[in-house]
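K.L.:
Would you mind keeping the following structure in view while I ask a few things?
The values are calculated or read from the model by the stated rules, or taken from the named source; none is laboratory data. Small disclaimer: the values here were computed from a predicted structure and weren't measured. Every residue, glycine as well, gets a Cβ built from its backbone with ideal geometry; the counts of neighbours run over all protein chains shown.
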Amino acid sequence: MAQTEARETAATETVPLPVEMAVQEGRFNLRKLLVVIVLYLAAFWTLVPMYWVAISSIKSLRDLAHIPPRFFPTDPRLDAWVTIFERRILENVYNSLVVATLATIICLIISVPAAYAATRMRLPFKFVAIVVGLMGLVALLPPIASAIPLFLLGSDLGIIDEKYTLIILYTVLNTAFAVWVLRGTFMDVPMDVEEAALMDGDTRFGAVRRILLPLIFPSLFSIAILLFIFNWNEYIIALYFVNSMKTMTLPIAIQAQIPQHELDWGVVSAAGTIAVFPVLVAAFTLQRFLVRGLTFGVASGQ
Amino acid sequence: MAEVRIEGLTKYFGDTCAVNQLNLVVNDGDLVVLLGPSGCGKTTTMRCVAGLERPTYGDIYIGETRVNDLEPRERDVALVFQSYALYPHFTAFDNIAYPLRLRKTPKDEIERRVRDVAEMLGITHTLERPPGLCSGGEQQRIALGRAIVREPVVFLMDEPLSNIDALLRVYMRAEIKRLQHELGTTMIYVTHDQVEGMTMADQIAVMNQGTLQQLGTPTEIYDMPANNFVARFVGSTPMNFIPGALQKENGKTVHKSDQFVIPVSTEMADRAAELCPGGVCTLGVRPEEIRFSMDDEGTNQARVFLLEPLGSETILDIEKEGLLLKVKDVAATQVREGDVLSLSFNRFHLFDDETGAAIR
């Protein structure tokens with residue numbers, strides 16, 4: 001209980017100055033000061049572009065074009081937001097949500113049993129190494145390399161410009177990564193615990209459902225979030241497979257705001273802000289899970 | 001309640017033979033200890049009985065049923081793991097209740113049986129806690145509770161005491177034995193600790209390199225080891241071994257080594273002539289079976305080079321021409337380091353050097 005309280009107060013405090021953070025046990029620590037400064041710089045480096053996009057969406061044209069650039073809008077307005085909603089951006093949000101969510105869920109449904117088999121079944125080591133190795137290779141392949149062949153295949157099959165096509169493709173492209181990470185997670189759970197469940201009278205499926213999955217739930221959840229973010233941000237494949245408003249996902253919609261002539265930075269920025277929003281929400285609310293999930297599977301030696 | 005019958009059990013992992021042609025009958029209600037060094041196949045044997053491993057060859061019967069092709073859950077066997085393997089995301093209560101819930105036991109009955117078992121094991125106060133917040137001894141008892149609560153036909157224990165501290169271990173082994181007696185359930189208990197094996201077992205099965213070396217009561221195993229492996233493995237102060245050969249001297253058979261000449265009874269000599277015609281054999285004698293006197297007469301003399309006081313007794317380390325012997329003496333020993341003792345060998349065993357088998 002004390003721990004959660006401490007965490008809550010820490011979260012509501014204002015951001016401390018680097019010099020304050022460098023004082024440890026009443027003594028000033030130069031090393032720590034440097035570390036904190038570097039971290040602050042990194043945070044600044046990451047957050048400023050997001051701030052810039054968000055602020056640009058409510059700037060007037062004069063502020064947008066002003067040199068030197070203005071960090072605070074002098075004449076905030078919502079014109080760009082009105083325009084972007086008029087251009088039915090919510091339909092794109094809906095498309096992105098449907099595609100990203102379903103692709104994530106299906107990907108997990110496929111990769112959880114696959115990763116389980118790769119860790120728990122006594123398969124010949126070479127077989128596992130080859131299969132998992134090949135899957136890793138797919139994960140490392142740049143998407144653009146597969147986009148064109150996939151497009152040709154898709155047009156032959158007549159499934160271009162369908163949401164389900166995107167869902168299938170995203171599922172396939174992420175499965176390798178998911179199996180890879182889940183495998184590490186499964187290996188962290190001792191076999192004993194599952195065998196105990198078998199001895200207690202459970203089926204293998206029951207042992208996985210009642211014992212294994214609840215134990216790795218935090219990692220499973222963070223892997224799901226990661227997959228969702230990958231899918232949410234995906235651009236290259238969508239570029240080839242989206243032809244109409246029916247399937248247009250957010251990244252494509254943002255790009256579509258850039259017309260041939262007369263670029264309206266405000267509208268593009270508003271669309272960008274919408275795209276970043278769910279990712280930020282996910283990252284902030286789940287950051288504890290996210291951090292644990294990324295290290296949980298990898299650093300199994302600890 | 002049931003007997004467990006293992007017939008010709010053989011288990012290969014790849015090319016490695018973990019268990020080789022094992023035959024073993026565990027009588028209904030007995031506590032049988034599988035004893036052996038690590039890698040001797042005792043855990044594999046137990047896992048085959050549990051159903052977590054499939055035998056390569058051979059049959060396993062529980063009661064009258066051949067269980068080779070049955071899943072663990074169909075065998076009605078409970079297993080306590082070395083690591084306890086408790087479910088960390090459940091409370092102790094839910095851990096113990098888990099096997100009952102899987103059997104769709106009515107809720108009030110689960111409540112009653114879990115509480116009964118917890119009381120029997122003295123862990124009622126831990127029931128609402130997750131195992132992570134319980135001490136090692138409490139976790140051990142929770143694991144026992146989970147095995148006991150569903151009243152299985154056979155208990156399997158895989159070194160359940162090796163992770164708790166030495167003092168608690170002494171209490172727990174008595175407690176497990178008492179529980180087993182009270183419940184009357186057949187138990188197979190795996191350990192590499194010969195003291196645990198000796199104190200708990202009705203029958204001990206000593207294993208080495210996948211084969212059964214000897215099956216017998218603790219007394220039989222201790223007093224009449226079937227071969228030099230069993231003799232070496234059992235006994236907290238190990239048996240002394242004196243390599244040599246049988247010879248005739250003045251019409252009597254003696255075991256003659258570089259260090260000692262030890263007379264052998266005619267009965268034993270006859271058996272040896274039959275079983276070990278070459279006569280090359282090693283004499284094994286337990287530390288408490290060596291008598292000594294302080295006078296410096298007699299043929300078998302040796303010098304004490306170290307005393308090991310153990311409180312309740314003293315071990316005399318004796319050396320003669322490169323051969324080391326350990327001899328038990330009372331705590332208040334009169335012997336001092338450097339003394340020369342004259343030794344006599346009370347009860348001893350002869351082991352054929354070629355086969356390692358005992359001559360008797």
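K.L.:
Which residue pairs have Cβ atoms closer than 8 Å, lie 6 or more positions apart in sequence or on different chains, and pair a first residue in the stretch A:141-153 that is closer than 14 Å to A:Asn174 by Cα with a second residue that is at pLDDT 85 or above and outside any helix (DSSP H, G or I)?
P.N.:
Hits for this filter: A:Pro143/A:Glu234.
K.L.:
Which of the residues that make up the stretch B:98-108 are hydrophobic (A, V, I, L, M, F, W, C) and more than 7 Å from chain A (Cβ to nearest Cβ)?
P.N.:
B:Leu100 - this is the single residue of the stretch B:98-108 that is hydrophobic (A, V, I, L, M, F, W, C) and more than 7 Å from chain A (Cβ to nearest Cβ).
K.L.:
Go through (1) under 27 Å from B:Ala231 (Cα atoms); (2) within 13 Å of another protein chain (Cβ to nearest Cβ); (3) not small (Gly, Ala, Ser) and name the single condition B:Thr44 misses.
P.N.:
(2)
K.L.:
Take the residues in the stretch B:58-82 that are assigned to a strand (DSSP E or B) and free of Cβ contacts under 8 Å to residues at least 60 places away in the same chain; name whichever of them is farthest from B:Ala2 (Cα to Cα).
P.N.:
So, considering only residues that are assigned to a strand (DSSP E or B) and free of Cβ contacts under 8 Å to residues at least 60 places away in the same chain, the one farthest from B:Ala2 (Cα to Cα) is B:Gly58.
K.L.:
Which ones in the stretch B:59-83 are among the polar types (S, T, N, Q) and facing another protein chain (nearest Cβ under 9 Å)?
P.N.:
B:Gln82, B:Ser83
K.L.:
Given (1) modelled with pLDDT under 90; (2) more than 21 Å from B:Ala147 (Cβ to Cβ); (3) not acidic (Asp, Glu), identify the lone condition not met by A:Phe228.
P.N.:
(1)
K.L.:
On the given criteria, is A:Pro218 within 14 Å of another protein chain (Cβ to nearest Cβ), part of a helix (DSSP H, G or I) and under 19 Å from A:Thr104 (Cα atoms)?
P.N.:
Answer is yes for this residue.
K.L.:
Oh, and also: Among the residues of the stretch B:138-156 satisfying the criterion of being in contact with a helix residue (DSSP H, G or I) (Cβ under 7 Å, 6 or more places away or on another chain) and assigned to a loop (DSSP other than H, G, I, E, B), which is nearest to the other protein chains (Cβ to nearest Cβ)?
P.N.:
Checking each candidate, the answer is B:Arg150.
K.L.:
Condition check: part of a strand (DSSP E or B), surrounded by fewer than 18 Cβ atoms within 10 Å (Cβ to Cβ) and among the aliphatic types (A, V, I, L, M). Does B:Val25 satisfy that?
P.N.:
Yes, satisfied.
K.L.:
Tally time: how many residues in the stretch B:120-137 are free of Cβ contacts under 8 Å to residues at least 40 places away in the same chain and part of a loop (DSSP other than H, G, I, E, B)?
P.N.:
6
K.L.:
Mind checking which residues of the stretch B:65-109 are touching a strand residue (DSSP E or B) at 6+ places or on another chain (Cβ under 8 Å) and aromatic (Phe, Trp, Tyr)?
P.N.:
B:Phe81 - this is the single residue of the stretch B:65-109 that is touching a strand residue (DSSP E or B) at 6+ places or on another chain (Cβ under 8 Å) and aromatic (Phe, Trp, Tyr).
K.L.:
Then there is this: Cβ contacts < 8 Å: first residue within 22 Å of B:Val261 (Cβ to Cβ), restricted to the stretch B:298-313; second residue among the basic types (Lys, Arg) and not in a loop (DSSP other than H, G, I, E, B), any location; separation 6+ or different chain. Result?
P.N.:
Within 8 Å, the pairs are B:Gln301/B:Lys320; B:Ala302/B:Lys320; B:Arg303/B:Lys320.
K.L.:
Please work out if B:Ala201 is more than 26 Å from B:Glu151 (Cα to Cα), in contact (Cβ under 8 Å) with a residue 12 or more places away in the chain and surrounded by 23 or more Cβ atoms within 10 Å (Cβ to Cβ).
P.N.:
No.
K.L.:
Then there is this: Give the residue, chosen from A:Ile58, A:Ile109, A:Ile67, that is at pLDDT 80 or above, surrounded by 14 or more Cβ atoms within 10 Å (Cβ to Cβ) and not polar (S, T, N, Q).
P.N.:
Only one candidate qualifies: A:Ile58.
K.L.:
Inspect all residues belonging to the stretch B:50-57 and state whether any of them is under 24 Å from the mean Cα position of the chain (by Cα), away from chain A (no Cβ under 13 Å), closer than 23 Å to B:Leu161 by Cβ and part of a helix (DSSP H, G or I).
P.N.:
So far as the stretch B:50-57 goes, no, none of its residues is under 24 Å from the mean Cα position of the chain (by Cα), away from chain A (no Cβ under 13 Å), closer than 23 Å to B:Leu161 by Cβ and part of a helix (DSSP H, G or I).
K.L.:
Return a yes/no flag: does the stretch B:84-97 have any residue that is at the interface with chain A (Cβ under 9 Å from one of its Cβ atoms) and under 20 Å from B:Asp28 (Cα atoms).
P.N.:
The answer is no; no qualifying residue exists.
K.L.:
Restricting to strands (runs of 3 or more DSSP E) lying wholly in the stretch B:317-360: which have 1 or more residues that are of a type outside the set (S, T, N, Q) and surrounded by fewer than 16 Cβ atoms within 10 Å (Cβ to Cβ)?
P.N.:
Passing ranges, in order: B:323-330, B:340-345.
K.L.:
Could I ask something else about it? Any residue at all in the stretch B:111-119 that's crowded, with 18+ Cβ neighbours inside 10 Å, outside any strand (DSSP E or B) and charged (D, E, K, R)?
P.N.:
yes
K.L.:
Within the stretch B:245-302, can you find the residues that are touching a helix residue (DSSP H, G or I) at 6+ places or on another chain (Cβ under 8 Å) and among the small types (Gly, Ala, Ser)?
P.N.:
B:Gly279, B:Gly284
A quick yes/no check of all residues on (1) touching a residue at least 12 places away in the same chain (Cβ under 8 Å); (2) farther than 22 Å from B:Ile221 by Cα; (3) of a type in the set (D, E, K, R):
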{"position": "B:Asp30", "(1), (2), (3)": "yes, no, yes"}
{"position": "B:Pro37", "(1), (2), (3)": "yes, no, no"}
{"position": "B:Tyr84", "(1), (2), (3)": "yes, yes, no"}
{"position": "B:Tyr87", "(1), (2), (3)": "yes, yes, no"}
{"position": "B:Asp94", "(1), (2), (3)": "no, yes, yes"}
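K.L.:
Give the residues of the stretch B:115-147 that are in contact with a Gly (Cβ under 8 Å, 6 or more places away or on another chain) and either at pLDDT 95 or above or among the basic types (Lys, Arg) (or both), sorted by residue number.
P.N.:
B:Arg141
K.L.:
Here's another thing I want to ask about it. Quickly run through the stretch A:186-209 and pick out the residues that are within 8 Å of chain B (Cβ to nearest Cβ) and in a helix (DSSP H, G or I).
P.N.:
If the condition is that a residue be within 8 Å of chain B (Cβ to nearest Cβ) and in a helix (DSSP H, G or I), then A:Asp192, A:Val193, A:Glu195, A:Ala196, A:Ala197, A:Leu198, A:Met199, A:Gly206 are the ones that fit.
K.L.:
Name the residues in the stretch B:188-227 that are among the hydrophobic types (A, V, I, L, M, F, W, C) and assigned to a strand (DSSP E or B), would you?
P.N.:
B:Ile188, B:Val190, B:Ile204, B:Ala205, B:Val206, B:Met207, B:Leu212, B:Leu215
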